[in-house]
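Structure record follows, encoded as structure tokens.
The values are calculated or read from the model by the stated rules, or taken from the named source; none is laboratory data. Note that this is a predicted model, so its numbers are computed, not measured. Using ideal geometry, Cβ is built from the backbone for each residue, glycine included, and neighbour counts are taken over all protein chains shown.
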Amino acid sequence: MIHRLKLLIPGSARLRLRVMGIRTRDLLNGTRFKLVKNSTEIRAKGTQYPERIIIKQPINVSKWAENKKHNLRLAISTFEDLPIEPGQIFSFWHHVKNPTEKAGYKIGINIIQGRLDFDWGGGLCQLSGLLYHLALAAGLGIIERHPHSVDLYTEETRYSPLGADSTTAYGYKDLRIKNTLDNPVCFRVKIEENSLIGTLCAAIPLKEHELTFEKRMRGELEEVETLRRNDSGEYERVVLQTYKIADHGQQI
């Protein structure tokens, strides 16, 4: 019955209700006051931070690659060099906002319901995954992150290790990272030819934690355990996730 009622509500209205619900929840639980504030003055401070941790990923070549690069540049411009103070929370969608045609985004490739498909703002999941990977390497706190449900790539075509991904969907799935360090940090991302280069910047040197992504087969599922090496040299589990295997190498 509830599902039928939801179908009667236009998708745009459902999305607005979802966003309102998230904002209300953040206000009631105090998260709203911990979210990183954004302004030109604040970001000027971050431009002075040297690069500390660097991760480089390929941008797969396709006829949609230029649209993807456009979308990436637009999203990067909303938060690049923005200092995240100790205790503050970075929310991907709080800064990027809804990636619509009106907001200047182009059609690109996204994973939708387990398949490669087209949507406005296509390709932003590579950006959110890169930020997640950087946060893992720095030992930052992960408040919210959603892996893809399906592994559509082969080892030759994937742009990041399986388990280092972070899918996002405005109003539904966010990436939220908490600065658990004692000093401010910021993200800096650039595009060079067919590469996406992400850096975590800080005024002082950062410890880069060694990461491993251990993959095991569980029937028709891939199980990936993300491990991070702590200060004592031991590996600790960060998260365990499973992926369905479907249409490896599917191209659009």
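Before moving on, here are some points about what is shown:
- Checked against the criterion of being in the same structural domain as Glu80 (by TED's automatic domain parsing) and without any contact (Cβ under 8 Å) to a residue 24 or more places away in the chain, the candidates Glu156, Glu214 yield just one match: Glu156.
- Qualifying residue in segment 222-238 (condition: surrounded by fewer than 19 Cβ atoms within 10 Å (Cβ to Cβ), farther than 20 Å from Gln126 by Cβ, among the basic types (Lys, Arg) and at pLDDT below 95): no
- Elements of the type helices (runs of 4 or more DSSP H) sitting completely within segment 1-89 and holding at least 1 residues that are at pLDDT 95 or above and under 18 Å from Asn179 (Cβ atoms): these cover 11-28, 40-46.
- Residues of segment 104-116 that are touching a strand residue (DSSP E or B) at 6+ places or on another chain (Cβ under 6 Å) and either free of Cβ contacts under 8 Å to residues at least 12 places away in the same chain or under 18 Å from Ala246 (Cα atoms) (or both): Ile109, Asn110, Gly114, Leu116.
- Candidates Gly114, Gly108, Gly123 - the one that is modelled with pLDDT under 90 and either crowded, with 22+ Cβ neighbours inside 10 Å or not assigned by TED's automatic domain parsing to the domain that holds Tyr159 (or both): Gly108
- Across segment 18-33, the qualifying residues are those that are of a type in the set (A, V, I, L, M) and surrounded by 13 or more Cβ atoms within 10 Å (Cβ to Cβ), and the one among them that is farthest from Gly171 (Cα to Cα) is Ile22.
- Taking segment 158-211 as the range and being in a strand (DSSP E or B) and not aliphatic (A, V, I, L, M) as the test, the residues that pass are Lys173, Arg176, Lys178, Cys186, Phe187, Arg188, Lys190, Glu192, Ser195, Gly198, Thr199, Cys201.
- Qualifying residue in segment 184-202 (condition: hydroxyl-bearing (Ser, Thr, Tyr), modelled with pLDDT of 95 or more and either within 17 Å of Leu130 (Cβ to Cβ) or buried (at least 19 other Cβ atoms within 10 Å of the Cβ) (or both)): yes
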